[in-house]
Every structure is written in structure tokens, then in C-alpha cells.
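Colleague: My questions will all concern the structure given below.
Since every read-out is calculated from the coordinates, none of them should be taken as a lab result. This structure is a prediction, so every number in the text was calculated from the model and none was measured. Ideal geometry is used to build each Cβ from the backbone, glycine not excepted, and the neighbour counts take in all protein chains shown.
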Amino acid sequence: MSTPESHEHAELPLLDESTGGCGDDCACGEGEESGLDPALAQLLADAGLDPVEVEDIAHMAISEDLDGGVDVTTVATVPEDAVATADFTAREAGTVAGLRVAEAVLSVVFTDTFEVERHVEDGARVEAGQVLLSVRARTRDLLTGERSALNLLCLMSGIATATRKWADELEGTKAKVRDTRKTTPGLRCLEKYAVRCGGGVNHRMSLSDAALVKDNHVIAAGGVREAFQAVREQFPDLAIEVEVDTLQQVREALEAGADLILLDNFTPIETEEAVALVRGRAVLESSGRLTVANARAYAETGVDYLAVGGLTHSSPILDIGLDLREAV
């Protein structure tokens with residue numbers, strides 16, 4: 001258990017523009033300074049998150065909840081000078097993600113110094129009833145920021161928990177589960193971070209990171225080879241992935257020089273045939289028809305990745321609550 005840390009609150013306006021996606025090699029927000037506590041900002045940066053972007057999300061969440069007014073219930077029922085300690089507690093077992101993000105959300109609400117006690121770190125497997133984070137601050141501020149902090153923490157922990165189930169199924173194979181761009185607008189950096197916390201890996205953060213030639217690109221360009229060559233000519237330094245539906249298209253993508261081939265809706269037997277055909281000359285990724293139940297069968301064919309959009313668009317939340325301690 002760590003010792004409590006004190007933080008100073010900083011009044012900041014809601015930023016108007018997003019700084020873009022972020023990941024391990026992110027440079028977004030470069031030149032901008034975060035108004036978060038420097039130690040907290042560094043922890044976010046160390047995790048591959050841009051503190052400026054996290055702060056923007058925090059302000060947006062609180063602004064949406066207050067809608068230009070005040071927390072009327074809390075203001076009416078809680079004395080202005082009351083101080084309390086609150087525990088973020090898991091209501092069910094799972095994998096946690098977003099604890100530092102929850103701190104960031106609370107910090108933009110807090111009007112005075114506060115203390116945090118960190119009991120676990122992101123990526124930890126937790127049990128029902130386990131205390132994850134304790135915060136001591138003005139009671140009004142705790143209650144006003146509670147729901148916004150929990151919304152993000154529960155969402156991210158749900159994604160991490162679902163990802164961990166896939167990662168556990170793939171244990172002992174070379175295959176990794178990875179996400180897609182099927183993310184909540186404005187929350188991609190947080191949702192993809194949660195995938196990493198669950199033992200998965202990230203696909204591209206944006207359309208500009210890498211090329212993915214899909215069926216509609218193939219139709220528009222006149223073929224797999226034509227689409228690949230068009231991308232290679234205009235963006236020679238980018239990795240190019242090609243989505244294919246048949247073994248013949250696998251051959252075409254391979255001959256064109258694809259760095260990665262996405263096997264869309266292949267059966268495990270067809271996937272084995274593709275692996276044998278490619279013989280390590282390109283990275284292979286399976287997509288479609290995938291479930292936790294058949295994940296191992298696909299992984300054992302020798303593919304490198306399993307692409308699972310449901311990690312970010314369909315994972316249920318992990319139930320986490322915030323409980324004020326009784327006065328003693």
C-alpha cells in the first residue's frame with residue numbers, strides 16, 4: 001500500500017480542440033502543458049497516455065455532468081467545509097484500468113488539496129470487495145466528481161477485463177489479441193490503453209498511422225495489387241496491411257509485397273492453409289468469426305494476431321463503486 005500523496009488543484013478552462021490519438025510513441029500535445037499535478041501527469045505519460053488529452057476528457061466529462069450549473073443535491077445536503085475519505089471498490093472480479101484517469105477527473109473538480117492512496121495498479125486482477133483507490137478531499141468535490149470518474153473507470157476496466165479473457169485463451173501461443181478502430185469517439189486513447197492493460201496489443205490509432213487496404217479500396221482501385229501499389233507509391237514508408245477474403249487474394253497480396261495480411265472470415269482450416277502458403281513472408285491477422293471459445297483454435301494455426309472489434313465496442317463495464325467511509 002502506498003503512502004498518501006497530496007495534490008494542488010489548478011483552475012483550467014475546457015480546451016476546445018482535441019490533441020489527437022495517443023499510444024506508446026505518441027507525440028500529440030507536444031508543446032502543450034498539462035494543468036494536472038506533475039506527478040500524476042508523469043504517471044499518465046509513462047503509461048502511454050497524453051496528459052493534455054486526458055485532462056481534456058476529464059473537463060469534458062465534468063462539464064457535461066454539471067451543464068453550466070452546480071451539483072444541486074450535494075450542495076443542498078453536504079456542508080461546504082466537510083471533508084471525507086472515499087474508496088473506489090470493485091463490486092466484481094476483473095482486470096482494472098483507468099485508475100490514474102479517475103484521479104485526473106477528480107482533480108479537475110477538487111477545489112482544495114487532496115490525498116490519494118493507491119492500492120493497486122492498472123492491469124491488476126482484482127476481486128469483488130477489493131479497494132482499488134482511496135481519496136481524501138472535500139466531500140462536495142468527491143460526490144460531484146464521483147460519476148464522471150466512475151464512468152471512465154468502469155468502461156476502461158470492462159475493456160481490460162474482456163481483453164484479459166482473450167489473452168488468457170491465447171496463453172502459450174504466439175498469437176496476440178488486438179483491437180480495431182471501433183472505439184467511442186473521443187475516447188480512443190483510453191479504450192486502447194485499456195486493451196493494453198488487459199494483455200492485448202493495439203492496431204493503428206488513426207487512419208494516418210498505417211494503411212489498411214479493405215474490400216472497398218480493392219473495388220475502387222480495381223484489384224488487390226492495384227490498391228496496394230497505389231498506397232505504396234504515395235506513402236512508401238508506411239506499413240501496408242491488406243484485407244483478403246480468399247486464398248487467391250492471399251497470393252496476390254503476398255506477391256504485391258504486403259507487410260501484413262488480414263484474413264477476413266476464414267475458417268480455422270482455411271487459416272491453416274493461409275499460414276502454410278505465406279510461410280512467414282508476411283504477418284497474418286485473423287478477423288471475423290472469432291469468439292473466446294474458438295480463439296485458441298485460430299491461434300494454434302500460427303497466425304500472429306486476432307483482431308477483435310468487440311473489445312472496445314461491446315465489452316460490458318466492470319462494476320466499481322465509490323463509498324464514503326463512515327465518520328469516526
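Colleague: What is the sum of charges, Lys and Arg at +1 and Asp and Glu at -1, for the other residues whose Cβ falls under 15 Å from the Cβ of Thr183?
Modeller: So the surrounding residues net to +3.
Colleague: Rounded to the nearest 500 deg cm²/dmol, what is the calculated helix-only ellipticity per residue at 222 nm for the chain, with -39500 (n - 2.57) per DSSP H run of length n ≥ 4?
Modeller: After summing the helix terms and dividing by the residues of the chain, the value is -12000 deg cm²/dmol.
Colleague: Now for a separate question. Rounded to the nearest 10 degrees, what's the angle between the helix 247-256 long axis and the longest principal axis of the chain, both from Cα atoms, 0 to 90?
Modeller: Between the helix axis and the principal axis of the chain, the angle is about 90 degrees.
Colleague: So, one more: Return a whole-number percent for the relative contact order of the chain, with Cα pairs under 8 Å and 6 or more residues apart as the contact set.
Modeller: 19 percent
Colleague: Moving on to the next point. Could you tell me the distance between the Cα centroids of the range 219-280 and the range 31-80, to the nearest Å?
Modeller: 43 Å
Colleague: Taking the Cβ of Ile159 as the centre, find all other residues whose Cβ is under 13 Å away and add up their charges (Lys, Arg: +1; Asp, Glu: -1). Numbers along the way, then the final one.
Modeller: Numbers: positive: Arg164, Lys165, Arg178, Lys182, Arg188, Lys192, Arg196; negative: Asp122, Asp179, Glu191.
That sum, taken over residues with Cβ under 13 Å, equals +4.
Colleague: Here is a follow-up. Rounded to whole Å and sorted largest first, what semi-axes of the equivalent ellipsoid does the C-alpha gyration tensor of the range 193-328 yield via the square root of 5 times each eigenvalue?
Modeller: Details: eigenvalues 246, 74, 29 Å².
So the equivalent ellipsoid measures 35, 19, 12 Å along its semi-axes.
Colleague: What ratio of Cα Rg to 2.2 N^0.38 Å holds for the chain?
Modeller: Here the Cα radius of gyration is 1.14 times the empirical estimate.
Colleague: For the chain, find the longest principal axis of its Cα atoms and tell me its angle to the long axis of helix 99-109, 0 to 90°, nearest 10.
Modeller: 50 degrees
Colleague: Given charges of +1 on the Cβ of Lys and Arg and -1 on the Cβ of Asp and Glu, with all other atoms neutral, how large is the dipole of the chain about its Cα centre, in debye to the nearest 20?
Modeller: Here the size comes out at about 1320 debye.
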